[in-house]
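To keep things clear, I will list the structure first and then write my remarks on it.
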Amino acid sequence: MRMLKIFLFFFCIFLPTAFAFEVKDLKTPESFISDPSTGNYFISNINGGGPNGKDDDGFITKLDNAGKIISLNFIDGKNK
């Protein structure tokens with residue numbers, strides 16, 4: 001029983017904590033990546049037209065490490 005308590009103690013301490021959040025106002029989100037150096041997240045948005053369309057209206061959204069939108073159109077398809 002003592003070994004089980006020790007195992008559970010270390011399991012709870014070293015178990016990474018996962019959390020989820022919902023992001024609104026995205027336009028056909030397609031890909032997601034995180035930057036481990038800053039903790040920011042980036043989501044690509046197709047914004048309609050289908051994934052193969054070349055209509056220059058897609059954009060990248062930048063989020064902070066809590067999932068709050070820093071910039072909805074961080075990189076815009078119209079920025080060349």
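Bear in mind that the values in this text are calculations on the coordinates, not laboratory data. Small disclaimer: the values here were computed from a predicted structure and weren't measured. For neighbour counting, all protein chains shown are included, and Cβ atoms are generated from backbone atoms with ideal geometry for every residue, glycine included.
Among the lysines, select those whose C-alpha is under 25 Å from the C-alpha of Lys78, and discard any that sit fewer than 8 residues away in the same chain. Output for Lys78: Lys24, Lys27, Lys54, Lys62, Lys68.
The residues neighbouring Asp35, those whose beta-carbon lies less than 14 Å from its own, together hold a net charge of 0 under the Lys/Arg +1, Asp/Glu -1 convention. Each Cα pair under 8 Å and six or more residues apart adds its separation to the average, and for region 18-76 the resulting relative contact order is 29 percent. Each peptide in 23-35, 62-74 gets a packing score, the mean of other Cβ atoms within 10 Å over its residues, and the list from highest to lowest is 62-74, 23-35. Charge tally for Gly58 (other residues, Cβ to Cβ under 12 Å; Lys, Arg +1; Asp, Glu -1): -2. The simple Förster model, with R0 at 25 Å and r as the Cβ-Cβ distance, assigns Ser34 and Asp57 a FRET efficiency of 0.50.
With each label modelled as a point 7 angstrom along the Cα→C-beta vector, the Ser71-Phe21 pair spans 1.7 nm.
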